[in-house]
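Notes follow once the structure below has been shown.
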Amino acid sequence: MITVAEALAHLFALADEMSVEHVPLREADGRVLGEPVAARRTQPPFAASSMDGYALNGVEADLHAQFMVIGEAAAGHGWNGTVGAGQAVRIFTGAPVPAGTNKVVIQEDVTRTGDLITITDDPGPKDNIRPAGIDFKEGDTLDAPRVLGPADIALLASMNVASVPVRRAPVVALIATGDELVMPGEDPGPDQIIASNTFGLAAMLRRAGAVPRVLPIARDSAVSLTTVFDLARGADLIVTIGGASVGDHDLVGHVAGELGMNRSFYKVAMRPGKPLMAGRLHGSPMVGLPGNPVSAMVCGTVFLTPMIRVMQGLGRAAVQRVQLPLAAPLAANGPREHYMRARVDGGAVADAGLQDSSLLTVLAEANALIVRPPGDPARAVGDMVDIVHLT
């Protein structure tokens, strides 16, 4: 058996970085920026008023001073000309500041009679003008890689970028294995269960930025497995669920080997998730997850999501851990790294109850995993432990 860190190193070596494609701006949210993007314009492209008021020469902005209003400037409709001494232009937020002016006196500090205004309240030192390029200048870049969010999309739009270079979303083929499985909505036989892992992992991978392809269930025969493996050709990552152990009906490793899989490792010193294997099949990385529902989902969190990040150019890093105090004691840990289902509440964490790797109800109630190192001694309330947040 190898450690979790060693398994991650092998998986990162298998992960192929996706190529860059261009997508329309409206489709770029949640994608990973693949290349730096340069602004195609300056923002704002001109000195602009930040308030509604009157644009004038600031040296004349004294209390009780009077000015003749000679024009009006609004957003999208600037005033052409030069403002002279004793003159002002009515201006609105976002409008270009006219030549000859360097201050906007807000309308609350002014009284107006016809075309004559008088400053009736101290206008203060603020000029109420946004300088040209205060946000960004033409040629400034949004750097890659980064997961694009709503604020990034707004920034790219203001940069006048309509087509965005992003990493291609990895296509992940998901293969559930076992005669005991049927799809949700079907009527299981007396000895069958529902294939839950596939759908939980598909949701996890989709959130990570991948495109899951749920393939037909592979039955416990070499012919069925071979057929489904053939359907997985062209995927950027192949993930099998179940059948990776050493029982008489666990055929994934054997069949994959017959098809030419170059195995990187088998078995990881962790719980849940010991019977994990990985390699390369049909030119694509392949990961064989255990079949127990919680084991598969924990391995998805610990191994698959970091792999997807590597494939999107986001760097090689384990899933983020933070430390929190325990709200309840924990017994000593065994010889394997343990990922315990847990709940964070009020700034502290406690295990979520039974840790059996078949109990999805416990996993659904958990919002974190407590990570126990091998041989970790018993822990008391208040002790600091590593956790991984679940989303």
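Please check: in the Gaussian network model of the chain (C-alpha springs, under 10 Å), which one of 119, 194, 153 has the largest mean-square fluctuation.
119
Grab the beta carbon distance between residue 380 and residue 214, set R0 = 41 Å, and tell me the FRET efficiency rounded to 0.05. Present the calculation step by step, with values, prior to reporting the outcome.
On the way: r = 45 Å, r/R0 = 1.09.
Once the sixth-power term is evaluated, E becomes 0.40.
Between the stretch 311-337 and the stretch 341-368, how far is it from one alpha carbon centroid to the other, in angstrom?
14 Å
Looking only at 187, 143, 220, which one moves most when the chain is put into a Gaussian network model with springs between Cα atoms under 10 Å?
Looking only at 187, 143, 220, the biggest GNM fluctuation is shown by 187.
Assigning unit charges at the beta carbon (Lys, Arg +1; Asp, Glu -1) and nothing else, what dipole magnitude in debye, to the nearest 20, does the chain show about its Cα centre?
760 debye
Using a ≥ b ≥ c from the Cα gyration tensor of the stretch 182-291 (square roots of the eigenvalues), is it rounded, prolate or oblate, where a/c under 1.5 gives rounded and otherwise the larger of a/b and b/c decides, a/b for prolate?
Working: a/c = 1.29, a/b = 1.16, b/c = 1.11.
Taking the square roots of the gyration eigenvalues as a ≥ b ≥ c, the stretch 182-291 is rounded.
Towards the positive end of the charge dipole of the stretch 110-210, with charges on Cβ (+1 Lys, Arg; -1 Asp, Glu), say which of 171, 183, 144 has the farthest Cα.
144
So, in Å, what gap is there between the alpha-carbon centers of the stretch 227-303 and the stretch 176-223?
Answer, in whole Å: 14.
Considering only protein heavy atoms and a 1.4 Å probe, what is the carbon-and-sulfur percentage of the accessible area of the chain? List each step's numbers first, then the result.
Working: 9370 of 18100 Å².
C and S fraction of accessible area: 52 percent.
Nearest 10 degrees is fine. How inclined is helix 222-231 to the longest principal axis of the chain, computing both from alpha carbons?
Approximately 20 degrees, to the nearest 10.
Hey, which lysines would be in cross-link range of residue 103, C-alpha to C-alpha under 29 Å, not counting anything within fewer than 8 residues on its own chain?
126, 137
Dipole of the stretch 255-359, Cα-centred, from +1 at each Lys and Arg C-beta and -1 at each Asp and Glu C-beta, to the nearest 20 debye?
Details: 11 positive and 5 negative charges, 57 e Å.
So the magnitude is around 280 debye.
Place +1 on the Cβ of every Lys and Arg and -1 on the Cβ of every Asp and Glu in the stretch 13-123, take the dipole about the Cα centre, and give the residue among 47, 77, 107 whose Cα lies farthest towards its positive end.
77
Want the number for residue 19 to residue 348: 0.36 nm per residue separation, take away the alpha-carbon distance, what's left? Mind dumping the intermediate values first?
Working: separation 329, 0.36 × 329 = 118.44 nm, distance 4.17 nm.
Extending this stretch completely gives an extra 114.3 nm.
Would you mind working out the magnitude of the charge dipole of the stretch 119-225 relative to its Cα centre, with +1 at each Lys and Arg C-beta and -1 at each Asp and Glu C-beta, to the nearest 20 Debye? Let's see the in-between values first.
On the way: 10 positive and 14 negative charges, 73 e Å.
So the magnitude is around 360 debye.
Under a 1.4 Å probe, what is the accessible area of the chain per residue, stated in Å²?
With the other protein chains kept in place, the chain gives 46 Å² per residue.
In degrees, nearest 10, range 0 to 90: what is the angle between the Cα axis of helix 197-208 and the longest Cα principal axis of the chain?
Taking Cα atoms only, the helix is inclined about 30 degrees.
Among 335, 202, 129, pick out the residue whose Cα is farthest towards the positive end of the charge dipole of the chain, where Lys and Arg carry +1 and Asp and Glu carry -1 on C-beta, about the Cα centre.
335
Do the sum for the chain: with -39,500 (n - 2.57) for every DSSP H run of n ≥ 4, divided by all residues, what is the mean residue ellipticity at 222 nm, to the nearest 500 deg cm²/dmol? Walk me through the intermediate numbers first.
Working: 8 runs with 69 residues, N = 391.
It lands at -5000 deg cm²/dmol.
I want to verify a result. In a Gaussian network model of the chain, Cα cutoff 10 Å, which of these has the top mean-square fluctuation: 206, 168, 379?
Ranking 206, 168, 379 by mean-square fluctuation puts 379 first.
The values are calculated or read from the model by the stated rules, or taken from the named source; none is laboratory data. Quantities reported herein were computed from a predicted structural model and do not represent experimental measurements. In this analysis, Cβ positions are derived from the backbone assuming ideal geometry, glycine residues included, and neighbour counts consider all displayed protein chains. Just the protein is used for accessible areas: all its heavy atoms, side chains included, with ligands, DNA and RNA removed. Shrake-Rupley method; radii C 1.70, N 1.55, O 1.52, S 1.80 Å.
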